[in-house]
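Notes to accompany the following structure.
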Amino acid sequence: MTAPGPERFDLIVIGAGPAGASAATEADRAGLRVLLLDEQPAAGGQIYRPLPAEFSPREGRAPGPDLRAGAALRAALAGSGAEARFRRRVWHLARGFSVFALGPDGVERYAAPALLVAAGTHERVIAFPGWTLPGVIGLAGATVLLKSQQVLPGERVVVAGAGPLLGAVAAGILKGGGRVVACVDLASPAEWMRLAPAAGLRPDLWGQAAGWTAAFLRGRVPLYPRHAVVEARGPGRVAEVCIAPVGGDGAPRADAPVRVLRADSLCVGHGLVPATEMTRALGAEHLYRPDEGGWIARRDACLRTSVERLYVAGDGAGIAGAVPAALRGRLAALAAARDLGRLAEAEFARKAAPVRRRLARTAAFGAAVARLMALRPGLARTVSRDTLVCRCEDLTRAEIEDAIGEGAREINQLKSWTRCGMGPCQGRMCGETVASLMAARVGSREAVGQWTARPPFRPVDFEALTGDFTYDHLPFPPTAPA
Amino acid sequence: MTAFDAAVLGGGIMGSATALNLAWGGMRVAVIEKRALGSGASGVNAGTLSLQIKRVALMPYAIRGKELWATTAKRLGVDVHYRVVGGMTLAFTEAEAEALRTRMAERIAAGAGAEMITAARAGEIEPALAGERIVLASYSPLDAYANSSVTGLAYRRALVAAGAEVREGAPVTAIDRAEGAFTITAGGERVVARRLVLAGGAWLKGLLRMVGIEMPIHYRVNQVAVTERTRPLFKAVIMHALGFLTLKQSDNGTVLIGGGWQGFGDPEAGGGEVDAENLVGNLRLARYAMPALAGSRIVRSWAGYEAHVPDFMPLIGPLAGVDDAYVIGCVRGGYTQGPYMGQLLAELILGREPEMPLFNPNRFNEARAAA
Ligand SMILES: Cc1cc2nc3c(=O)[nH]c(=O)nc-3n(C[C@H](O)[C@H](O)[C@H](O)COP(=O)(O)OP(=O)(O)OC[C@H]3O[C@@H](n4cnc5c(N)ncnc54)[C@H](O)[C@@H]3O)c2cc1C
Ligand SMILES: Cc1cc2nc3c(=O)[nH]c(=O)nc-3n(C[C@H](O)[C@H](O)[C@H](O)COP(=O)(O)OP(=O)(O)OC[C@H]3O[C@@H](n4cnc5c(N)ncnc54)[C@H](O)[C@@H]3O)c2cc1C
């Protein structure tokens, strides 16, 4: 595959979102030879996704704060000596560390004594009847549509779920000229109010909050706090969205009246889940921390995992939002420089102190936002027995429950028995629903466990992976006796 | 605590099949498994049930093992997706063709049920193969496969139905013998049994040490990969003259790719890890044989441990020096033969004459040999 040896660096950073891009810039400043890899065409990650070249910002409008922050992040990175390579999908990691990526020219192999994983998150959607209908999309997916394609998800949109993406998506739709039929929020106003003291330390957010409020008032968006979508109905495509009041744990109240809304699109998301497949693959220890998004790699104050010289940063290390993500990225880079013997202890302390101070100021808000997006275990009760839970393998809740009833104790055992999680989504779409259902029966998410990480981290193209080769050069393994 | 008639340590195919036959034979049996039944090699293997890739010395056992897989759905009550699809072994060079001719002549004589075919015939049977690259092939209409990931489910259901006790999540950490019974410590609990069957797969060495026996048990780390669902491309199990490839497409369209390419890992330290270079090598060979695979995507790959002793022959029978203790393991291609090997050992334990000879496990017993 790679006849010459791997290209070597001091530190490899995976993911060029706010966490990874800041880390690479900081590592370069600390004198490390650093490589930054991302599958996207540019740095910025999910939040600071650049506008595609064909879209220029609309006439007479100043770019929003996210676009400005993203441009600053990219400028700092470009001004540094960090080697950034885009359109590289990392598909496998080996201890020590080897990084295997698939790029425009095929498989690439890199090596470094230190590795920082800043791979971000994926969205949690707990299944409900009708969630697989066309017209139902994730909230996070909707931000991508709005940002990089400037496309509205529909004309009459219900926005539902949890956390700040609700506001971002609703505001984006209104800005694009769409109609938001309802904003259906799992949280109560009191829960949002808990953000206020923490937000006091983040004046950068006031403008955004004020902007959303104004947009909501202008667009007359009906708000349904402490409500959940209990069903989406067709035929063929979303036509009606049924919502009902819920308790604090997300479970619909027993006597709850169901309200039916007419809509042609439903954007729904129940929070973000840290992407841990890379740290799992490398054997790092993980902990279940619902308030930080779920399973995360155990880390110390400098973002070191339980595996030597393996670091995590950003929302993949526990949900905290973009600003803390960038700060934790910088801290992890400094820790790596110190652990590699490239930064003296005193120098490390001097550089880390201001980053830590700023992190402390932003941490409370990050934690409050993460709590808003935490899994509500009662939500899975809206899954009826015949609702599809695993879309890739066509498995209903009943089939999952039967396997649990027969004695599947742990999520990988359930996977072998039912094929749940074996499809191309690799368990990202169904994992949280299945684990919620199982935890309700076996006692805890810890008992349910995590999917065993198996390469590739995302499906990879057979042709690209195998590239050009000749039969004579296949590295046949030694055989056992016939 | 009433004693079980037998405790089987390790719930792979070897332990599960032994336990099931003991339970069917009227014994009170406990299966004690570290993780889950079928969580080791028996649940992650490639599921190939082909006689073309079996050693001549083991052919009669493989034939009987394959027969048992054919009736598993009926016997165990779980569909293991047993499919008779035929199997084809390919040689791409003259040297490989020569090796194929010699090996296959012996195996055909031993009952593998295959015949040699030309490249043209191979292309007729499976048009998706790169016919122009094939020099020679062998074919058997009898070859089959099954889905190994449901091994644990199948045996668990049958064991429970037969009244056996199944303890999962229970790693055995100590075995003591007193007053004609074994006391087994597993996952904080104790199990007492009059007979002991060690069936720990690649972890057998550790279990043997618990009864004071040292054996030269080694392991290989075999890799497998699978594609997403793709359009139907082929039916037969496709293999390679030197054993480096197994290809099969399931009813759901996924293609499973194996062939004994090696990964990394140490059973004592945890699960096996995939070696990227070897994964790519395995996939290249697959694509060389079947170019249309290039249009699919790989969704998953993994590695599992397969144990062996220096002569690559099984260890099955009573352990010398420890009364009422038995071992079963180190069977190469053991998924195919497991159901039958377990039946043979159970026959011996139940006091019957096994249908075929067992495999003296004491031939490598280093500690006892030295004593
Ligand atoms: C789809 C989505 C949309 C979001 N939209 C918003 C929003 O509009 N506003 C808001 O405040 N917050 C949003 N968030 C939350 C926001 O992403 C985070 O707070 C912030 O971006 C975290 O930064 P990060 O650097 O940790 O991760 P990310 O920004 O997610 O960056 C991770 C990077 O890793 C890369 N990556 C992951 N896996 C691989 C791989 N195998 N190979 C190569 N590259 C890889 C990704 O391409 C990505 O660029 C969104 C989250 C998601 C998942
Ligand atoms: C990737 C791969 C592909 C293969 N492909 C094929 C194929 O296509 N066809 C074929 O015929 N064969 C194949 N094989 C071989 C076959 O899978 C094995 O020979 C067979 O499964 C071995 O069965 P076993 O019961 O001895 O071991 P295992 O299935 O590994 O079972 C051993 C069990 O013991 C348990 N255990 C270990 N220590 C303890 C302890 N201290 N306490 C409690 N429990 C313990 C383990 O958790 C495990 O479940 C393949 C093997 C691998 C790894």
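The values are calculated or read from the model by the stated rules, or taken from the named source; none is laboratory data. Please read these numbers as outputs of a predicted model, since none were measured by experiment. So basically every Cβ, Gly included, is an ideal-geometry build from the backbone, and we count neighbours across all protein chains shown. Quick note on the areas: whole protein, heavy atoms, side chains included, nothing else; ligands and nucleic acids left out. Shrake-Rupley method; radii C 1.70, N 1.55, O 1.52, S 1.80 Å.
Below, the figures for the structure above:
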| quantity | calculated |
| --- | --- |
| Selection within the range B:103-147 - of a type in the set (Ser, Thr, Tyr) and either touching a Cys at 6+ places or on another chain (Cβ under 8 Å) or open to solvent by less than 10 Å² (accessible area, probe 1.4 Å) (or both) | B:138, B:140 |
| Failed item, numbered, when residue B:126 is tested on (1) more than 14 Å from chain A (Cβ to nearest Cβ); (2) within 30 Å of residue B:167 (Cβ to Cβ) | (2) |
| Residue check, residue B:54 in contact with a helix residue (DSSP H, G or I) (Cβ under 8 Å, 6 or more places away or on another chain), among the charged types (D, E, K, R), closer than 17 Å to residue B:69 by Cβ and within 14 Å of chain A (Cβ to nearest Cβ) | yes |
| Hey, residue A:352 within 14 Å of chain B (Cβ to nearest Cβ), among the aliphatic types (A, V, I, L, M) and more than 16 Å from ligand 2 (Cβ to nearest atom) or not | no |
| Selection status of residue B:256, open to solvent by 10 Å² or more (accessible area, probe 1.4 Å), among the hydrophobic types (A, V, I, L, M, F, W, C) and within 12 Å of another protein chain (Cβ to nearest Cβ) | yes |
| Within the range B:66-102, tally of residues that are part of a strand (DSSP E or B), closer than 15 Å to residue B:50 by Cβ, open to solvent by less than 30 Å² (accessible area, probe 1.4 Å) and of a type in the set (A, V, I, L, M) | 2 |
| Wholly within the range B:288-354, strands (runs of 3 or more DSSP E) carrying at least 3 residues that are more than 14 Å from every other protein chain (Cβ to nearest Cβ) | B:315-318, B:325-329 |
| Qualifying position, being modelled with pLDDT under 95, buried (at least 18 other Cβ atoms within 10 Å of the Cβ), under 22 Å from the mean Cα position of the chain (by Cα) and more than 9 Å from chain A (Cβ to nearest Cβ), among B:272, B:263 | B:272 |
| Considering residues of the range B:15-38 that are away from chain A (no Cβ under 12 Å) and open to solvent by 20 Å² or more (accessible area, probe 1.4 Å) only, the residue nearest to ligand 2 (Cβ to nearest atom) | B:34 |
| Test: residue in the range A:190-198 that is part of a strand (DSSP E or B) and either farther than 24 Å from residue A:64 by Cα or among the hydroxyl-bearing types (Ser, Thr, Tyr) (or both) | no |
| Among (1) in contact with a His (Cβ under 8 Å, 6 or more places away or on another chain); (2) of a type in the set (Asp, Glu); (3) assigned to a loop (DSSP other than H, G, I, E, B), the one test that residue A:468 misses | (1) |
| Selected residue [without any contact (Cβ under 8 Å) to a residue 12 or more places away in the chain and under 21 Å from residue B:285 (Cβ atoms)] from B:98, B:126, B:132 | B:98 |
| Selection from the range B:39-65 of residues that are part of a helix (DSSP H, G or I), near ligand 2 (Cβ under 9 Å from one of its atoms) and open to solvent by 20 Å² or more (accessible area, probe 1.4 Å) | B:41, B:44 |
| Qualifying position, being more than 13 Å from ligand 1 (Cβ to nearest atom) and more than 14 Å from every other protein chain (Cβ to nearest Cβ), among A:275, A:335, A:325 | A:335 |
| Tally, over the range A:382-421, of residues that are acidic (Asp, Glu) and within 12 Å of chain B (Cβ to nearest Cβ) | 5 |
| Residue within the range B:291-307 that is small (Gly, Ala, Ser), open to solvent by 30 Å² or more (accessible area, probe 1.4 Å), free of Cβ contacts under 8 Å to residues at least 60 places away in the same chain and touching a helix residue (DSSP H, G or I) at 6+ places or on another chain (Cβ under 9 Å) present | no |
| Any strands (runs of 3 or more DSSP E) falling wholly within the range B:103-206 and containing at least 1 residues that are farther than 30 Å from residue B:292 by Cα | B:165-167, B:172-178, B:181-186, B:189-193, B:196-198 |
| Residue B:223, sole failed condition from (1) more than 10 Å from ligand 2 (Cβ to nearest atom); (2) open to solvent by less than 10 Å² (accessible area, probe 1.4 Å); (3) within 13 Å of another protein chain (Cβ to nearest Cβ) | (1) |
| Options A:437, A:474; residue that is touching a helix residue (DSSP H, G or I) at 6+ places or on another chain (Cβ under 8 Å), at pLDDT below 95 and either of a type in the set (A, V, I, L, M) or under 30 Å from residue B:103 (Cα atoms) (or both) | A:474 |
| Counted residues, the range B:154-182 - those being modelled with pLDDT of 95 or more, away from every other protein chain (no Cβ under 14 Å) and under 19 Å from residue B:349 (Cβ atoms) | 6 |
| Every residue from the range A:357-380 that is in contact (Cβ under 8 Å) with a residue 40 or more places away in the chain, part of a helix (DSSP H, G or I) and touching a Pro at 6+ places or on another chain (Cβ under 7 Å) | A:362, A:363, A:366, A:369 |
| Sole residue being out of contact with any helix residue (DSSP H, G or I) (no Cβ under 7 Å at 6 or more places or on another chain), open to solvent by less than 20 Å² (accessible area, probe 1.4 Å) and closer than 25 Å to residue A:120 by Cβ, chosen from A:431, A:449, A:421 | A:431 |
| Residue within the range A:302-312 that is modelled with pLDDT of 95 or more and within 11 Å of ligand 1 (Cβ to nearest atom) present | yes |
| Some residue of the range A:120-129 being acidic (Asp, Glu) and touching a helix residue (DSSP H, G or I) at 6+ places or on another chain (Cβ under 9 Å) | yes |
| Residue A:456 being farther than 30 Å from residue A:397 by Cα, at the interface with another protein chain (Cβ under 10 Å from one of its Cβ atoms) and either assigned to a loop (DSSP other than H, G, I, E, B) or open to solvent by 30 Å² or more (accessible area, probe 1.4 Å) (or both) | no |
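Listed here are the residues, each with its yes/no results for (1) within 22 Å of residue A:275 (Cβ to Cβ); (2) among the hydrophobic types (A, V, I, L, M, F, W, C).
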position: A:317; (1), (2): yes, yes
position: A:350; (1), (2): no, no
position: A:359; (1), (2): yes, yes
position: A:369; (1), (2): yes, yes
position: A:377; (1), (2): yes, no
position: A:382; (1), (2): no, no
position: A:396; (1), (2): no, no
position: A:406; (1), (2): no, no
position: A:413; (1), (2): no, no
